[in-house]
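> Sharing a structure with you now.
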Amino acid sequence: MKKTLLALSFISFSIAGFSQVGIGTDTPTAMLDVAGQVRIRTAPLGTTRQAQDSVLVVDGKGYVHMAPSNITSNLVSFVKASSGSSGGILGVTLLSGWNKIAFNTEEFDTNNDYDSTTDYVYTAPKDGIYDIHARYEASITGLLSASIVSLGIFKQVGAGTPVLLTSDSALVAALLGTSTNTREVQMMAKLNANDKIYFGAQAPLSATVLSSSSDKSYFTVVQVH
């Protein structure tokens, strides 16, 4: 009994005096230094079943740190939106001759990355590769001379000027009455987190984007990597 008390006293003294405990090592370099595997047979189950803000990670030297989980931003982004009854070509100028298209009816948006009410802009949630596709049909009335009709994908970095990434254009010949013109673009783009994607059109003032169904005028963004 005396030996047990002496051993416990020695351990207590060691912990209090040196503030470092080594298991499997005589030279601990942290408060608790374990040279080997760590096993926890039981652990209390908390009320929260999903990590919310942070996780424990192990660095290259074996030290355990707390790090932000970023679970929300790691969700894969899938978006499809079409031009509803109040959508279409806006008076907002992206570049000279180009106006923003309002795709204002979301069909799905898994990570809430698209603003379908105010700016009509897609914001990349994180660095990665994205497949971007857009299509629109325009009804053009009373065209008196040849005119360019185009659909384009624009990228904006920070507060900079939107840059045209790709476009599809056609020269519409002079005619009277009403005609329909369809433009379609698709590309893969490397985006950084918070890069913004807009969609723009070049068309006569008489052009109206068709929105009678979601397969007429729409865009999709798929995060592929």
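> Would you rank 215, 195 by solvent-accessible area, highest first, keeping every protein chain in place and using a 1.4 Å probe?
215, 195
> Now for a different question. Skipping prolines and chain starts, which residues have an amide H placed within reach, meaning under 5 Å, of the one on residue 94, given they are 5 or more residues away or on another chain?
For residue 94, whose amide H was placed from the backbone, the distant partners under 5 Å are 99, 100.
> Here's another thing I want to ask about it. Each label point is 7 Å from the Cα along the Cα-to-Cβ direction; what then is the distance between the points at residue 32 and residue 139, in nm?
7.1 nm
> While we're on this one: Give the accessible surface of the range 121-172 per residue, rounded to a whole number of Å², with probe radius 1.4 Å and ligands, DNA and RNA excluded.
Values: 1980 Å² over 52 residues.
Spelled out: the 1.4 Å probe surface of the range 121-172, per residue, equals 38 Å².
> Rank by packing, highest mean first: peptides 89-96, 113-120, with packing defined as the count of other Cβ atoms within 10 Å averaged across residues. Walk me through the numbers on the way to the answer.
Values: 89-96: 13.6, 113-120: 15.9.
Packing proxy ranking, top to bottom: 113-120, 89-96.
> Considering amide H positions built from the backbone, and no H for Pro or chain starts, which residues 5 or more places from residue 76, or on another chain, come under 5 Å of its amide H?
The list, which skips near neighbours in sequence, is empty: none.
> Set the Förster radius R0 to 25 Å, insert the Cβ-Cβ distance between residue 180 and residue 131 as r into 1/(1 + (r/R0)^6), and round the FRET efficiency to 0.05.
0.40
The values are calculated or read from the model by the stated rules, or taken from the named source; none is laboratory data. Source: prediction; values computed, not measured. Glycine also receives a Cβ, built like all others from the backbone with ideal geometry; neighbour counts cover every protein chain displayed. Ligands, DNA and RNA are excluded from the accessible area calculation, which covers all protein heavy atoms including side chains. Shrake-Rupley method; radii C 1.70, N 1.55, O 1.52, S 1.80 Å.
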